[in-house]
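First up is the structure itself, then whatever we jot down about it.
The values are calculated or read from the model by the stated rules, or taken from the named source; none is laboratory data. Owing to the predicted nature of the structure, the values given are computational and were not obtained by experimental measurement. Methodologically, a virtual Cβ is constructed for each residue, glycine included, from the backbone with ideal geometry; neighbour enumeration extends over all protein chains shown.
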């Protein structure tokens, strides 16, 4: 893996400056340097007979520098490199959501944090930073980093344990006038003993000209502007070794078209889950979880509206691999792993679903066992169903996932996974087949 001269010079200068500052201001500066390295072997048998299977390795390196410039100012720099091996069918550089996925370094995070404003009640973070709410169902940067200004404000009253979290982010900057993508959000957190709830609003304005496909249509159109607002609430309560959680979201906004009437956005989504774990038994630790998750589809009878719930910034990626409900199918509220464009970012025209379907209902049951301190084994079962289908069956399929984790040491972890996906009747019977996903990886922290 090689890096451009300019990138090497930037890294060297950053580290040299940090060490110089550390030695000159030892009494006021605390410096932390480290890196996370992962090598993952992937084998995929696709669910479409028209698509080739693939086997490759993915290497990811994340290096970070964190320093306390003073008791009131912290700075963080994190760089990342993604490098796939063995993608033999590629004829050009890999195109993904990341600035680079072909081995070169890029800046994941570079921000300043001021945690002690107004008697430690306000924390201000400025720069390219991680952003995620809860489990990331409507907001997550997925280790990409967003250019943002963020303020976290704690209540000055002990009897009112409330925290306000607000941010303004520039997701895409265009050299052309009025073609940026902006994202703003506000969230209120309330904690009371074992009960936690959140109320939030997320406001997206995307002025990039793009192809868009409404859920109840098979023909895309050109969208000149997308305004998507999502309002929601999230709650979780824990009683001893058990928990119950719930989330509900409503979508509003519109999609502008240059020569036609704008399309109104609607729809909603919800999640409910419960789980428990035992800390000590004669068989070790054991846990189980049951989850129901559903995002609405588009109603064919409302041609001027699109009720398919589609959060743009839901958590979807773990490096170059999709993540979600199921290791292979990786469902969210609105999209799944795409066999035809597996590395491209998800969108209304690349949602991985059969033509004419929208909205996804997922049921998940999982168990986890740690019979020995260094070993953990997992089993997960998923069923998938489309909420709307213009062409026939809504059955998307089922998946079985088997996994293990081995803690070789405090610095090295080994992980393995095998997934079996069986596509449902919503897929074309002439091209569908059982699919699988297998992975084996080593993670090193130093």
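Looking only at the stretch 156-178, count how many residues are under 30 Å from residue 195 (Cα atoms), in contact (Cβ under 8 Å) with a residue 24 or more places away in the chain and assigned to a loop (DSSP other than H, G, I, E, B).
2
I'm told residue 303 meets every condition in (1) closer than 19 Å to residue 389 by Cβ; (2) assigned to a strand (DSSP E or B); (3) more than 26 Å from the chain's Cα centre (by Cα) except one. Can you identify the failing condition by its number?
Failing condition for residue 303: (2).
Within the stretch 33-62, track down each residue that is more than 26 Å from residue 354 (Cβ to Cβ) and out of contact with any strand residue (DSSP E or B) (no Cβ under 9 Å at 6 or more places or on another chain).
Of everything in the stretch 33-62, nothing turns out to be more than 26 Å from residue 354 (Cβ to Cβ) and out of contact with any strand residue (DSSP E or B) (no Cβ under 9 Å at 6 or more places or on another chain).
Table: residues versus (1) touching a helix residue (DSSP H, G or I) at 6+ places or on another chain (Cβ under 8 Å); (2) at pLDDT below 95; (3) crowded, with 16+ Cβ neighbours inside 10 Å; (4) under 30 Å from residue 251 (Cβ atoms).
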residue	(1), (2), (3), (4)
356	no, yes, yes, yes
362	no, no, yes, yes
372	no, yes, no, no
376	no, no, yes, no
381	no, no, no, yes
393	no, yes, no, yes
434	no, no, no, no
438	no, no, yes, no
441	no, no, yes, no
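State the number of residues belonging to the stretch 164-201 that are surrounded by 15 or more Cβ atoms within 10 Å (Cβ to Cβ) and under 13 Å from residue 313 (Cβ atoms).
Total meeting the criteria: 9.
Being surrounded by fewer than 17 Cβ atoms within 10 Å (Cβ to Cβ), without any contact (Cβ under 8 Å) to a residue 60 or more places away in the chain and not in a strand (DSSP E or B) is the filter here, so list the residues in the stretch 202-223 that pass it.
The answer is 208, 209, 219.
Which one is surrounded by the fewest Cβ atoms within 10 Å (Cβ to Cβ), of the residues in the stretch 312-327 that are more than 19 Å from residue 52 (Cβ to Cβ) and more than 11 Å from the chain's Cα centre (by Cα)?
Keep residues of the stretch 312-327 that are more than 19 Å from residue 52 (Cβ to Cβ), which gives 312-319, 323-327.
Next, from what is left, pick out any that are more than 11 Å from the chain's Cα centre (by Cα): 325-327.
Details: 325: 20, 326: 26, 327: 27.
Applying the filter and picking the extreme gives 325.
From the residues in the stretch 328-369 that are within 15 Å of the chain's Cα centre (by Cα) and in a strand (DSSP E or B), which one is farthest from residue 216 (Cα to Cα)?
That would be 331.
Which pairs do you get when a residue that is at positive phi and surrounded by 15 or more Cβ atoms within 10 Å (Cβ to Cβ), found in the stretch 227-240, comes within reach of a residue that is in a strand (DSSP E or B) and at pLDDT 95 or above, reach meaning Cβ atoms under 7 angstrom, with the pair 6+ apart or on two chains?
none
Going by the structure shown, is residue 309 farther than 29 Å from residue 359 by Cα, assigned to a loop (DSSP other than H, G, I, E, B) and either modelled with pLDDT of 90 or more or in contact with a strand residue (DSSP E or B) (Cβ under 9 Å, 6 or more places away or on another chain) (or both)? First the steps, then the outcome.
Values: farther than 29 Å from residue 359 by Cα: no; assigned to a loop (DSSP other than H, G, I, E, B): yes; either modelled with pLDDT of 90 or more or in contact with a strand residue (DSSP E or B) (Cβ under 9 Å, 6 or more places away or on another chain) (or both): yes.
When the stated conditions are applied, residue 309 does not pass them.
Just the residues that are touching a residue at least 12 places away in the same chain (Cβ under 8 Å), under 19 Å from residue 386 (Cβ atoms) and outside any strand (DSSP E or B), please, taken from the stretch 401-429.
424, 425, 426, 427, 428 - these are the residues of the stretch 401-429 that are touching a residue at least 12 places away in the same chain (Cβ under 8 Å), under 19 Å from residue 386 (Cβ atoms) and outside any strand (DSSP E or B).
State which residue is surrounded by the fewest Cβ atoms within 10 Å (Cβ to Cβ) when the search covers only the stretch 261-288 and only residues that are assigned to a loop (DSSP other than H, G, I, E, B) and at pLDDT 95 or above. Before you say what the answer is, go through the steps one by one.
Residues of the stretch 261-288 assigned to a loop (DSSP other than H, G, I, E, B): 261-262, 266-267, 279-284.
Still in the list and also at pLDDT 95 or above: 266-267.
Details: 266: 18, 267: 26.
Among residues in the stretch 261-288 that are assigned to a loop (DSSP other than H, G, I, E, B) and at pLDDT 95 or above, the one surrounded by the fewest Cβ atoms within 10 Å (Cβ to Cβ) is 266.
For residue 306, are the conditions met, namely being more than 27 Å from residue 49 (Cα to Cα) and crowded, with 19+ Cβ neighbours inside 10 Å? First the steps, then the outcome.
Values: more than 27 Å from residue 49 (Cα to Cα): yes; crowded, with 19+ Cβ neighbours inside 10 Å: yes.
Criteria met by residue 306.
Collect the residues in the stretch 318-327 that are under 21 Å from residue 396 (Cα atoms) and assigned to a strand (DSSP E or B), keeping them in residue-number order.
The initial filter retains those residues of the stretch 318-327 that are under 21 Å from residue 396 (Cα atoms), namely 321-327.
Of everything in the stretch 318-327, those that are under 21 Å from residue 396 (Cα atoms) and assigned to a strand (DSSP E or B) turn out to be 321, 322, 325.
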